[in-house]
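Note sheet for the following structure.
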């Protein structure tokens with residue numbers, strides 16, 4: 001079951017959901033709008049290797065915006081820091097963003113119960129498009145969980161994306177054992 005606006009507010013009041021900064025105007029019928037953070041990043045290497053640490057170059061979005069180019073992967077970050085302690089958060093693009101040809105995640109739209117951080121976005125575009133710091137970029141949807149939880153994300157020893165950040169985070173696939 002997806003939480004409604006009233007349920008999201010109740011869960012925020014009880015401490016199960018945190019959104020910082022929170023703006024009541026961003027709360028929809030059953031979602032919360034999130035915004036593009038100040039930073040974007042691109043990978044330094046043209047060819048990425050799943051078994052090595054692929055480094056990124058992070059840069060600030062200028063006041064006049066930044067033009068994203070097709071054929072290039074950009075890592076972005078949400079302006080909002082979120083915590084979800086009792087629900088499964090899903091990040092989806094807004095339809096108005098999709099209609100500009102912007103995809104905000106290649107995969108990884110689902111967060112885990114216990115995820116506490118900003119969201120790194122995997123941004124690609126179908127044609128050049130200018131983006132701006134703090135523009136609406138996506139929406140969080142919260143799903144109810146049925147059953148108890150033993151393994152919260154923020155308490156996992158091997159969780160790779162727990163360090164609080166305001167910048168995009170590169171893939172940590174190289175840390176997996178495989």
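The values are calculated or read from the model by the stated rules, or taken from the named source; none is laboratory data. These figures come from a predicted structure and were not determined experimentally. Every residue, glycine as well, gets a Cβ built from its backbone with ideal geometry; the counts of neighbours run over all protein chains shown.
A few remarks follow.
- Only strands (runs of 3 or more DSSP E) whose full extent lies in region 99-159 are considered here, and the ones with at least 3 residues that are without any contact (Cβ under 8 Å) to a residue 60 or more places away in the chain and either within 19 Å of residue 170 (Cβ to Cβ) or in contact with a helix residue (DSSP H, G or I) (Cβ under 8 Å, 6 or more places away or on another chain) (or both) are 120-125.
- The condition of being touching a strand residue (DSSP E or B) at 6+ places or on another chain (Cβ under 7 Å), within 20 Å of residue 30 (Cα to Cα) and modelled with pLDDT under 95 holds for residue 113.
- Check on residue 43, at pLDDT 95 or above, surrounded by 16 or more Cβ atoms within 10 Å (Cβ to Cβ), more than 15 Å from residue 138 (Cα to Cα) and out of contact with any helix residue (DSSP H, G or I) (no Cβ under 7 Å at 6 or more places or on another chain): yes
- Selected residue (criterion: surrounded by the most Cβ atoms within 10 Å (Cβ to Cβ)) from residues of region 59-74 that are assigned to a strand (DSSP E or B) and over 16 Å from the mean Cα position of the chain (by Cα): 68
- Summed over region 160-178, residues that are part of a helix (DSSP H, G or I) and either loosely packed, with under 12 Cβ neighbours inside 10 Å or free of Cβ contacts under 8 Å to residues at least 24 places away in the same chain (or both) total 1.
- Selection within region 23-36 - free of Cβ contacts under 8 Å to residues at least 24 places away in the same chain and farther than 14 Å from residue 4 by Cα: 23, 25
- Qualifying residues in region 75-91 (those that are part of a strand (DSSP E or B), more than 19 Å from residue 21 (Cα to Cα) and in contact (Cβ under 8 Å) with a residue 60 or more places away in the chain) - the one nearest to the chain's Cα centre (by Cα): 75
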